[in-house]
1. Checking the conditions here, which among B:GLY437, B:GLY427 is at positive phi, over 25 Å from the mean Cα position of the chain (by Cα) and within 14 Å of chain A (Cβ to nearest Cβ)?
2. Keeping to segment B:371-406, report how many residues are touching an Asp or Glu at 6+ places or on another chain (Cβ under 9 Å) and closer than 20 Å to B:MET333 by Cβ.
3. Please find, among B:SER49, B:SER57, B:SER30, B:SER88, the residue that is more than 14 Å from chain A (Cβ to nearest Cβ) and in contact with a Lys or Arg (Cβ under 8 Å, 6 or more places away or on another chain).
4. Restricting to segment A:56-83, and then to whatever is among the charged types (D, E, K, R) and either exposed (fewer than 12 other Cβ atoms within 10 Å of the Cβ) or more than 15 Å from B:GLN421 (Cα to Cα) (or both), can you tell me which residue is farthest from the other protein chains (Cβ to nearest Cβ)?
5. Need at least 1 residues that are modelled with pLDDT of 90 or more and polar (S, T, N, Q) per element, so show me which strands (runs of 3 or more DSSP E) inside segment A:157-251 make the cut, counting only ones lying wholly within it.
6. With respect to the numbered conditions (1) at pLDDT 90 or above; (2) within 14 Å of chain B (Cβ to nearest Cβ), which one is the sole condition not fulfilled by A:LEU146?
7. Give me the residue from segment B:387-443 that is among the polar types (S, T, N, Q) and part of a helix (DSSP H, G or I) and, out of that set, surrounded by the fewest Cβ atoms within 10 Å (Cβ to Cβ).
8. Being facing another protein chain (nearest Cβ under 9 Å) and either in contact (Cβ under 8 Å) with a residue 40 or more places away in the chain or closer than 24 Å to A:ALA54 by Cβ (or both) is the requirement here; does A:LEU154 meet it?
Amino acid sequence: MADHGLERALLELRAIAVPGRRRPRLQGVSLVLRPGERVALLGPSGAGKSTLLAVANGLIPPSQGSVHWLGEPRGLTPHRLRRQQARIGTLWQDLRLVEELTVQQNLNAGRLAVWGWPRAVLNLLLPLDTEACTAALQRLDLDPQLLGQPVSALSGGQRQRVALARLLRQEALLLLADEPLASLDPRLADGLLDLLLAEAAAPRGLLLSLHRPDLAHRFDRVLGLRDGQLLFDLSPQQLERQQLAALYAGGAGP
Amino acid sequence: MRLPRPAAPLWVLLPALVLLPLLLLLPAISHGGGWGLVGDFAAAALRPSLEPLVLGSALEGLAITVAMALLGWAASLGLGLLLGVASSQLVWHTCGGVAWPAQLIRRLLALPRSIHELIWGLALLQLLGLQPLVAVLAIAIPFAALVARVVSDQLDALPVAALEGLRSAGARPAAALLTALGPPLLPQLLSYGGYRLECALRSATLLGVFGLGGLGTELRLTLQSLAFRELWTGLWLLLVAMLLLEQLLGGLRRRWAMPERLNLGRASVGHRGRELLLAGLALIPLLVILGWWIGIAPASDWRWQPLPPLAAADWPAVAALPWARLVGNTVLMTLLAAALAVGLAPLLLLLAQPWGWTRWLLQGLWALGRLWPPPLTALLLLFVLQPGVLTGALALGFHNLGVLGRLLLESNDHGQRGAEQALSCAGTGPRMALLYGRFSGLARPYLAYGAYRTDVILRESVVVGLVGATGLGSQLMEALSAFATDELLALLLAYALLTLVGEELSDRLRRQLRGGARPLSPGPAAATALPLLQG
C-alpha cells in the first residue's frame with residue numbers, strides 16, 4: 001500500500017471475514033487507518049460495527065483475511081499478539097473498569113501489558129506512579145483527588161473519563177471506541193467526543209462506531225457498514241444523502 | 001509512608017501466606033521413614049487390582065455406601081422439611097399467632113447440628129451395635145437439623161404478600177401456606193437437597209472409614225494392610241460414582257431449571273412439575289428395596305446394646321483435662337486447614353491459567369480431594385509425618401480444597417468476564433487479567449463462602465482425631481472408646497459450644513463481607529445463596 005503516502009499505516013485489515021450463526025458478521029472488509037486519522041464507523045444495529053472493532057483489538061480472530069499492525073502481520077504467537085495489543089486501546093461501551101479497585105489502580109492497570117509481576121502486585125498494595133496518573137486525570141479535567149477513590153463511587157461521567165484516562169496510561173496508539181456516546185446526554189456526549197478527537201492527534205488514530213450521522217462532519221473519514229460489508233469509505237464532504245439513506249434503508253437487514 | 005493496603009484481588013490470595021510457615025515447619029515434623037510406601041501408593045494408582053474377588057467386594061462396598069447415603073439423605077430431607085416448617089416463625093405466626101415456639105425449636109436444633117455425623121455414628125454404634133441402621137441415622141440426624149435451618153431461613157425470607165392475600169380472602173392457614181410458599185420454596189429446596197446428596201455420599205464413605213460398613217471400611221482396611229492396589233480399586237470406583245452423581249445432579253438442576261449453587265435467585269420448576277413428581281415417587285420403592293437389601297429391619301434394630309457398667313462420674317478429673325490446649329489446638333488446626341483450602345484454590349487457579357491440560361489437572365486434583373476422606377489422608381500422611389495438629393490440618397485442608405476449588409471454578413465459569421476481557425485485549429497476560437479482572441469481583445462472595453467453610457471445618461475437625469494430638473477430636477475419640485461417659489459428655493458440650501461460637505463468628509464475618517458487596521458484583525446472588533451451601 002505504498003501509494004498511501006510515506007507514513008506507515010497503524011492498522012490495516014485485508015478482506016476480513018467473520019462467520020456468524022445465520023449470515024456472516026463480516027465479509028470482505030478491507031480498510032487502512034493511518035496516524036492522525038479520525039474515522040467514524042456508521043451503520044444500523046447488527047451491521048457488524050462491534051465485530052469490526054473486536055477484530056481490530058484482537059478479541060475476535062477473523063476466519064479469513066489478515067490484520068496488520070504497524071506493517072507487521074498480526075501476532076501469531078500469544079506473546080507477539082499481546083505486544084501489539086498493548087498499543088491498541090479500547091473504550092468499551094460498558095467501560096469495563098474494575099469496580100473494586102481505586103481510580104489509580106485502574107489507571108495503572110493500563111500498564112499491565114508491559115509491567116512484570118512485582119509491579120502488578122505492588123499496585124494492589126500501594127499507590128504507584130502517582131505523577132503519571134495525576135497527569136492523565138488532569139488532561140481529562142478530572143480532580144486528582146479522585147485517585148484514591150474506588151471506581152464504584154464515581155458518577156457516570158467521571159467513570160467515562162477514567163476509562164479514557166486508562167487508555168492514556170496505556171499509551172495506546174490506536175483508540176477504538178464502541179458507541180461511546182450511546183448512553184450519554186447530549187452535553188456529556190459532546191464533551192467526550194471533543195476529548196476523543198483531541199487525543200487522537202498524530203501519531204495516534206481513532207476508530208469510533210457511532211449511530212449519529214449528524215456528527216460525521218467532525219471526522220476525517222466515514223465508513224458505512226451494512227450486513228457485514230463496507231458500503232462506503234469517504235471523507236465527510238464526499239458523503240451524500242442517498243448514500244446515508246441506503247445505509248439505513250429498511251431497518252436492520254434485507 | 002503510607003501503610004500497604006491490599007486491594008480486593010489480593011484478599012483471596014492472602015490466606016495462602018500460611019504456606020510459608022507451613023513449609024518451614026514440615027521438615028521438622030517429617031520422619032522420612034515412609035517415602036517408599038508413599039511411592040508404592042502413588043504407583044499403585046495406575047495399576048489397581050482387577051481381580052474379580054477384589055472388584056466384587058469393592059463394588060458391593062460401594063453399593064452399601066451409596067445405599068446408606070441415599071437412605072440417610074432421604075430421611076434427613078423428610079425430617080428436615082418437617083422440622084424446618086416447625087421452626088419457621090412465619091408458619092407459627094400464620095397458624096397460631098405466636099412465634100416463640102419457632103425460636104425454641106430452632107435453638108434446640110442447634111445441638112444436633114453442631115455435632116458431626118461421625119460422633120453421632122460412633123455414639124450410636126455403642127448403643128445399637130454394628131448394623132447398617134447406625135450409619136443411616138448418623139447421617140440423617142445432623143443433616144435433618146441442617147436442612148431444617150435452611151428451610152426455616154428460606155421460609156422466613158420469602159415475600160409474604162401472596163400469603164397475606166390468600167389469608168385475607170379467607171383461606172385456611174395450612175392451605176394458604178402451601179399455596180403461597182410451596183412454589184417459591186421448591187426449587188431452592190431441590191437444589192439444596194441435591195447438594196446434600198453429594199455431602200451424604202462423602203459422609204457415608206467417611207463413616208465407613210470408622211468401621212460402620214461399606215466401601216469406607218474396605219478403604220481403611222486395605223490402607224492399613226498396605227494393599228495399595230486393592231485400595232485404588234475402591235478409590236477409582238468411588239471417584240466414578242462421585243463424578244457420576246455430581247454430573248447427574250448438575251444435569252437435573254439444569255433440566256428442572258433449578259438455581260445453580262452460586263446463583264440461587266428466584267426460579268420456578270415450571271412445566272417439569274410432573275416429571276419431578278414421578279422421580280420422587282420412583283425414589284420411594286428404590287429406598288425400600290435398598291433398605292431391605294442392606295438389612296435394615298426397624299423392629300429388631302431398636303434393641304439397645306448392653307452397656308458395660310458405667311464408672312461413677314469423676315468430675316474433678318474431667319475438670320483437670322488440659323482444656324486450654326485442647327481448644328487451642330482444635331482452633332489452630334481449623335484455621336490452618338481453612339487458610340490452606342481458601343488460599344490455595346485461587347492460587348492454583350492463577351497458576352493453571354491459561355487453561356488447557358492444566359485445567360483438567362486441577363479438576364482431577366480437586367475431585368481427589370473431595371473423594372478422599374480426611375482421616376484416610378491423615379493416615380497416609382502418617383507414613384512421612386508425625387501425628388499432630390499440622391498433619392490433621394493438611395488432611396482437612398486437602399479435602400476442603402477440593403470442595404472450594406470446584407465452587408471457585410464453577411463461579412469463574414459463570415461470572416461476568418468484561419473487565420478481564422478488556423485487560424487481555426489491551427495486551428495483559430492471562431494470569432494478570434484473571435487477578436485484576438476476575439478476582440476483584442469474586443473476592444467478597446468467595447471469602448464469605450470461605451468463612452462459612454471454616455465453620456464446617458471446625459465441626460469436621462473431629463474426623464482427624466484419630467491421628468492423635470489434634471485437640472478435642474482425639475480426646476473425644478479416646479473417651480468414646482474408653483466408655484468414659486463423664487469425660488465424653490463434657491467434651492461433647494465443649495465441642496458443641498465451640499462450634500456454635502464459630503458459627504456465630506462466621507455468620508458475622510459473612511454479613512460484613514456481604515454488606516460491602518457492590519450491587520453489580522459477579523456474584524450478588526452468591527451472597528444471598530451462601531446460607532444454602534451448608535455441609
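1. Only one candidate qualifies: B:GLY427.
2. In the first step, residues of segment B:371-406 are kept if they are touching an Asp or Glu at 6+ places or on another chain (Cβ under 9 Å); the result is B:374, B:396, B:399-400, B:406.
Filter once more, keeping what is closer than 20 Å to B:MET333 by Cβ: B:374, B:396, B:399-400.
Final tally of qualifying residues: 4.
3. Working: B:SER57 fails: in contact with a Lys or Arg (Cβ under 8 Å, 6 or more places away or on another chain); B:SER30 fails: in contact with a Lys or Arg (Cβ under 8 Å, 6 or more places away or on another chain); B:SER88 fails: in contact with a Lys or Arg (Cβ under 8 Å, 6 or more places away or on another chain).
Selected residue: B:SER49, the only one of B:SER49, B:SER57, B:SER30, B:SER88 that is more than 14 Å from chain A (Cβ to nearest Cβ) and in contact with a Lys or Arg (Cβ under 8 Å, 6 or more places away or on another chain).
4. Step one: filter segment A:56-83 for residues among the charged types (D, E, K, R), giving A:72, A:74, A:80, A:82-83.
Still in the list and also either exposed (fewer than 12 other Cβ atoms within 10 Å of the Cβ) or more than 15 Å from B:GLN421 (Cα to Cα) (or both): A:72, A:74, A:80, A:83.
Values: A:GLU72: 14, A:ARG74: 13, A:ARG80: 10, A:ARG83: 7 Å.
Of everything passing the filter in segment A:56-83, A:GLU72 is farthest from the other protein chains (Cβ to nearest Cβ).
5. Working: elements: A:174-178, A:205-210, A:221-226, A:229-234.
Answer list for segment A:157-251: A:205-210, A:229-234.
6. That leaves (2) as the condition not met.
7. First, pick out the residues of segment B:387-443 that are among the polar types (S, T, N, Q): B:391, B:400, B:411-412, B:416, B:421, B:424, B:428, B:440.
Imposing the further condition that a residue be part of a helix (DSSP H, G or I) reduces the set to B:391, B:400, B:411-412, B:421, B:424, B:440.
Details: B:THR391: 26, B:ASN400: 26, B:SER411: 22, B:ASN412: 20, B:GLN421: 18, B:SER424: 26, B:SER440: 26.
It comes out as B:GLN421.
8. No.
The values are calculated or read from the model by the stated rules, or taken from the named source; none is laboratory data. Small disclaimer: the values here were computed from a predicted structure and weren't measured. Quick reminder, even Gly has a Cβ in these numbers, built from the backbone with ideal geometry, and neighbours come from all protein chains shown.
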